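Accompanying notes for the structure given below.
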Amino acid sequence: MPTLDIESTIWNTGHNYIACCDEVGRGCLFGSVLAAAVIMPKGLIIDGVKDSKKLSPKKREQLYEIIKEKSIAIGVGTVSAEIIDKINIKNATRLAMKKAILSIKDKCENSITPDYILIDAEKIDLPIPQMAIVKGDDISHGIAASSIVAKVLRDRLCERWHMEYPNYNIKQNKGYGTKAHREALKQYGISPMHRISFLSKIL
């Protein structure tokens, strides 16, 4: 299970507000990539928090509500399929993470600005000390919490997108390239929310 070992080391160096950041939707054919950044209180462990991919949808929703209640601040950033096609998915992921961090500063009632960033395997273009951790959602409790927030919020977007583009069954496949999704693309063509740069091998 993820721990607070890394966060504790950073807190002990004098940093108070660690923004932990993760993304979801990086490998999808459809829709935005979404990043979440979460600042948790010092020393708080929420039982059951781990990599969102290892949790059931019901458990993710339950933990999301607890994280939302207990966290000091949450920020969210998205980058559309159109921009992903223009700047590539790696840069789009970094941009979504940057937006998530900046939205903490912009939206938090107490005007809390992160003084350190923990990121799942990326580097964000911001003048804030940061550490990239490979498989961070397996190691850091805060990054795992941010992965849950990101997954829940993007899944909710998928519900809305499904209503707009029912032919692709986004509600079920979440935009990933399942066999049924690929077949739907061949049958119905590309929607305005598909990542065209991801589709060359399919179409």
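Structure notes:
- Rounded accessible area of E164 (nearest 10 Å², 1.4 Å probe): 110
- Accessible surface of the chain, 1.4 Å probe: 52 percent of it comes from carbon and sulfur atoms.
- 5 Å-binned pair-distance histogram of the range 131-203 (Cα, whole percent): 3, 15, 21, 17, 13, 13, 11, 5, 1
- Ranking S147, A36, N91 by how far each Cα lies toward the positive end of the dipole of the chain (charges on Cβ) leaves N91 at the top.
- Excluding ligands, DNA and RNA, the accessible surface per residue across the chain is 49 Å² with a 1.4 Å probe.
- Using a Gaussian network model of the chain in which every pair of alpha carbons under 10 angstrom is joined by a spring, one finds that among G142, G175, G27 the greatest mean-square fluctuation is at G27.
- For the chain, the longest principal axis of the alpha carbon atoms and the long axis of helix 89-107 meet at an angle near 50°.
- Legend: distances between Cα atoms for K58/K179; K98/K171; K70/K151; K151/K186; K42/K70; K54/K135; pairs beyond 21 Å are K58/K179; K98/K171; K151/K186.
- Estimated dipole of the chain in Debye, rounded to 20 [Cβ of Lys and Arg +1, of Asp and Glu -1, Cα centre]: 700
- Expressed in units of 2.2 N^0.38 Å, where N is the residue count, the Cα radius of gyration of the chain is 1.03.
The values are calculated or read from the model by the stated rules, or taken from the named source; none is laboratory data. Here the structure is a predicted model, which is why all the values come from computation and not from measurement. We place every Cβ from the backbone using ideal geometry, glycine too, and count neighbours over all the protein chains shown. We work out accessible area using only protein heavy atoms, side chains counted, and drop any ligands, DNA or RNA first. Shrake-Rupley method; radii C 1.70, N 1.55, O 1.52, S 1.80 Å.
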